[in-house]
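The structure appears right after this line, and notes come after that.
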2 protein chains.
Amino acid sequence: MNVSHASVHPAEYPPTTDAGEGGGGGGNIEVPRVRMKDFQGMPGTQGGLALRICQFVFAAVGLCIMATTSDFPSVTAFCDDEDLQNLYGDADAINEIYLVAATGLQSLWSLSLAIIDIYALLVMRSLQNYRVVTFFTIGDGIASTLTFAAACSSAGITVLIDNDLDICSQNHCVQFETATAMAFISWFTTLPSFLFNLWSLASR
Amino acid sequence: MNVSHASVHPAEYPPTTDAGEGGGGGGNIEVPRVRMKDFQGMPGTQGGLALRICQFVFAAVGLCIMATTSDFPSVTAFCDDEDLQNLYGDADAINEIYLVAATGLQSLWSLSLAIIDIYALLVMRSLQNYRVVTFFTIGDGIASTLTFAAACSSAGITVLIDNDLDICSQNHCVQFETATAMAFISWFTTLPSFLFNLWSLASR
């Protein structure tokens, strides 16, 4: 793993030659000039890992709910009436594809960072390289913005569709609403990660 | 203005007793321990003022477009068909009220902070009090989140309504879409203010 070699430093003390050799191939890495403060919620901490797992679980649950809708490729069939179906069809399809794409991206991103966090915790090292934290911050910002946008537009459409119960085939509405709620919760747990990363970048 | 007395400090040099008396009633204010860096985009700078004016203008234009829709109180009449009107009615009304509320809050917030910025620029002082910047940051975060959520749900509903052109009374759709675009632009200009404030808080 390239990321771990370039950016994982011992958490307890600055790396000496002995520590670098003992840590498995990290001997020729640069010593960071200023130690960032290492508080819970940062990458490489248990709080950060818990946040990542929450993000991944909620995004993945939302994704599964959308994917296991029996007629996912033609999931536009929210209603039986032919005209209404045509009305709602394309926009719904666009929105649902967007929701699936956003939660899929969110879950992949969170899973990757959870694995990196687990690795950093296992080798007792701290992920505090400036470039890596910058990368994590930008990724968190993009992923959370996309997830929030998908959740909001889904919520708008859900309110519109659910408003008149006649056109709401009950199972699909419930699934769509649950997936929307999962996307909101996933966004809400991504926000602290983003803010912690940005804070640690600025206060380095 | 209570805010200015409590938080506006001379920008050029740390306040001495003379400077405090010369600055009009600021003699007994605390000297901040650490000077924050004063870069463009921060509150009290010309860049920050330009951002605030952009936010206010776009939010106000969106608000005016929504408010000047001829039948605003019954703006739910996107369509002529009775059934479709009933379908879209309430959800649209809820969403439009939310969009109006969010852009209204955004424009009020941005106008207030633009006035504070103008005051700080006129008296040549720097708005770098820790509590004031914290307040600005939280306010920016809430305002931008609300505006973005309103814009996203409006965009979702607009796509849904505009999908079948038969139910889109053209004027209203155009107005609704323009207001949505204005809300997006307003959010996009609020984001740098929020990030600059958070960055300056963290790097104090």
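The values are calculated or read from the model by the stated rules, or taken from the named source; none is laboratory data. As the structure is a prediction and not an experimental result, all values here were calculated from the model. Positions of Cβ are generated from backbone atoms using ideal geometry, with glycine treated the same way; all protein chains shown enter the neighbour counts. Heavy atoms of the whole protein, side chains included, go into the accessibility calculation; ligands, DNA and RNA do not. Shrake-Rupley method; radii C 1.70, N 1.55, O 1.52, S 1.80 Å.
For region A:164-176, state whether one or more residues are in a helix (DSSP H, G or I), facing chain B (nearest Cβ under 10 Å) and either farther than 30 Å from A:Val132 by Cβ or at pLDDT below 80 (or both). The answer is yes, given that some residue of region A:164-176 is in a helix (DSSP H, G or I), facing chain B (nearest Cβ under 10 Å) and either farther than 30 Å from A:Val132 by Cβ or at pLDDT below 80 (or both). Each residue in region B:133-156 was checked for being open to solvent by less than 20 Å² (accessible area, probe 1.4 Å) and of a type in the set (A, V, I, L, M), and 5 of them qualify.
More than 11 Å from every other protein chain (Cβ to nearest Cβ), in a helix (DSSP H, G or I) and open to solvent by less than 50 Å² (accessible area, probe 1.4 Å), is that true of A:Ile116? In short, yes.
Scanning region A:119-154 for residues that are assigned to a strand (DSSP E or B) and free of Cβ contacts under 8 Å to residues at least 24 places away in the same chain yields no hits at all.
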